[in-house]
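Asks: The structure's right below; bear with me while I get my questions together.
Only the coordinates and a few stated rules stand behind these numbers; no lab work does. This one's a predicted model, so the numbers in the text were calculated from it and none came from an experiment. Cβ placement follows ideal geometry from the backbone for every residue including glycine, while neighbour counts extend to all protein chains displayed.
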Amino acid sequence: MSLADEMIADFAEIHADLPSYVVIGGAHIAALVDEGTLSEELELGGFAPVRSVTVKLRRCDMTITPKVGDLLYYSGYQYRIDSISNKKSVPLITLQCRQL
């Protein structure tokens with residue numbers, strides 16, 4: 001079994017125990033979601049809360065490749081994709097997202 005196969009098998013095991021899904025471009029996709037951080041940003045009139053999440057998706061589940069700036073929906077909230085890690089040698093795509 002290759003490392004990529006092991007990563008996909010591990011993803012499936014974790015997802016079975018902690019099922020999470022995101023919606024990108026209308027597609028409902030199995031995901032591993034780290035609900036990340038809650039911080040504050042200085043805006044006009046004071047500080048505003050900012051929530052971020054890290055999302056891991058199996059490349060094989062994707063019908064389109066997400067892009068920075070695309071919208072993602074998780075647990076009833078809307079997020080914008082801030083950064084993407086999409087290494088060809090890894091079967092997972094990692095998205096860093098910020099709640100809108």
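Asks: Name the residue, out of VAL50, VAL22, VAL33, whose mean-square fluctuation peaks in a Gaussian network model built on the chain with Cα pairs under 10 Å.
Replies: Between VAL50, VAL22, VAL33, it is VAL50 that shows the largest mean-square fluctuation.
Asks: Taking 0.36 nm per residue of sequence separation and subtracting the Cα-Cα distance, how much length would be gained by fully extending the chain between ASP34 and SER89, in nm to one decimal?
Replies: 17.6 nm
Asks: Taking DSSP loops as anything outside H, G, I, E and B, show the longest stretch in the chain free of trypsin sites (Lys or Arg not before Pro) there with at most 15 other beta carbons within 10 Å.
Replies: 1-66
Asks: Then there is this: Only Cα pairs within less than 10 Å get springs; with that Gaussian network setup on the chain, which residue of LEU72, LEU57, LEU42 has the largest fluctuation?
Replies: Highest fluctuation among the options: LEU42.
Asks: Please work out whether the chain counts as rounded, prolate or oblate from its C-alpha gyration tensor, where a ≥ b ≥ c are the square roots of the eigenvalues and a/c under 1.5 means rounded, while otherwise a/b larger than b/c means prolate and anything else oblate?
Replies: Prolate, since a/c reaches 1.5 and a/b exceeds b/c.
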